[in-house]
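Please treat every number below as a calculation from the coordinates, not as lab data. A quick note: this is a predicted structure, and the numbers were derived from the prediction, not measured.
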Amino acid sequence: MTIRTRLLPALALGLALAGCSREGDLVIDQGVGISAVRSTCPAVGIPDYTGDITTFRTPGSTTFANLDVTAAITNLRSTCNEQAGDRVYTEASFDVVARRTDTRGARTVTLPYFSTVLRGGSAVVSKRVGSVTLQFADGQERAQARGTAGAYVNRSEATLPADIREQITRKRRAGDPDAALDPLADPTVRAAVQRATFELLVGFQLTENQLAYNATR
């Protein structure tokens, strides 16, 4: 899975494909209604405005002439083990590609990044901060490095309750009173799906000024 932009909020996702690209916790493929595959693996993505970082030679001056290093997170991929144990482990890997404006001399640049587990689109379950180090050789304009992030999710928390699953998967036929009704229209079902939806988000650990620069450029 490769995602460069922020994932849709949990409710907007509904029961869309999540986390792992294989059959998971829930399959709906019969009768009238929605059709989806749901996994206990968290979806993986990059929050808006955190996939890039720009540093400047002189703090406070964000002119093009003052550019120092620019870097971006790319090739974000994930692997997930949802088959064993009470805890589901997901590992995300990604590349950081960087460019510097002054190529004189060898240089080492270390950039911080975060990984956070989000539940229900807003509740932060955990957050870790790591770093990735880029090595520029003398005369080299570009450099690349690799980073990783991992997270555990409790299987019981990422699994829909049996009564909610029954409401969603119950086969409906054309002509039934609720045949055309979306199960997610029920606030109880929507809330349960939201509680069971997890995301592993990765991005650069930006300062307020860096985040503002990304949001307004």
**Fill in**
Any residue on another chain or 5+ positions along whose placed amide H is under 5 Å from the amide H of T50 is listed here as none
**Per-bin percent of Cα-Cα distances, segment 70-177 [5 Å]** = 2, 9, 15, 14, 13, 10, 9, 8, 7, 5, 3, 2, 2, 1, 0
